[in-house]
Amino acid sequence: MSAITTHVLDVSRGKPAAGVPIVLERLAGKESWKELGKGTTDADGRLKTLSPSGAAAEPGVYRLTFDTAAYFQQSKSETFYPSVSVVFEIKRSGEHYHVPLLLSPFGYSTYRGS
């Protein structure tokens, strides 16, 4: 499993959000980001393969970008947030970092999961 994982729940439907494209990046300079991985959530709303299996997440600042417009277009729903970016900092390598997104067409929240 990847050291950084995520899942997306559509709280407006009470179901996992399948088919959400996601990009993982790491801050490489003051304002430049390096792409580390990308993928799409599965039927359970999860993406477990953002980085190579067994590779530790190094200390640094990371960004997950969720293409919520693509997700809501699938169901022909309107959304106020065409994308959601979650920036977080890893201070210790060797741990697992899970960053879920709770999503609705007009709001979202996130937290560090387990």
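The values are calculated or read from the model by the stated rules, or taken from the named source; none is laboratory data. For clarity, every value in this text was computed on a predicted model and none was experimentally measured. Counting neighbours? That spans all protein chains shown, and the Cβs are built from the backbone with ideal geometry, glycine included.
When Leu36, Leu103 are screened for being buried (at least 18 other Cβ atoms within 10 Å of the Cβ) and at pLDDT below 95, only Leu36 passes.
Tallying residues that are assigned to a loop (DSSP other than H, G, I, E, B) and touching a helix residue (DSSP H, G or I) at 6+ places or on another chain (Cβ under 7 Å) within region 79-114 yields 5.
In the set (1) surrounded by 13 or more Cβ atoms within 10 Å (Cβ to Cβ); (2) within 14 Å of the chain's Cα centre (by Cα); (3) more than 13 Å from Val20 (Cα to Cα), the condition left unmet by Ser83 is number (3). For region 2-13, the set of residues classified as within 18 Å of Leu103 (Cβ to Cβ), among the aliphatic types (A, V, I, L, M) and part of a loop (DSSP other than H, G, I, E, B) consists of Val11 only. Scanning region 14-51 for residues that are part of a loop (DSSP other than H, G, I, E, B) and more than 20 Å from Gly113 (Cα to Cα) yields Gly19, Ala28, Gly29, Lys30, Glu31, Ser32.
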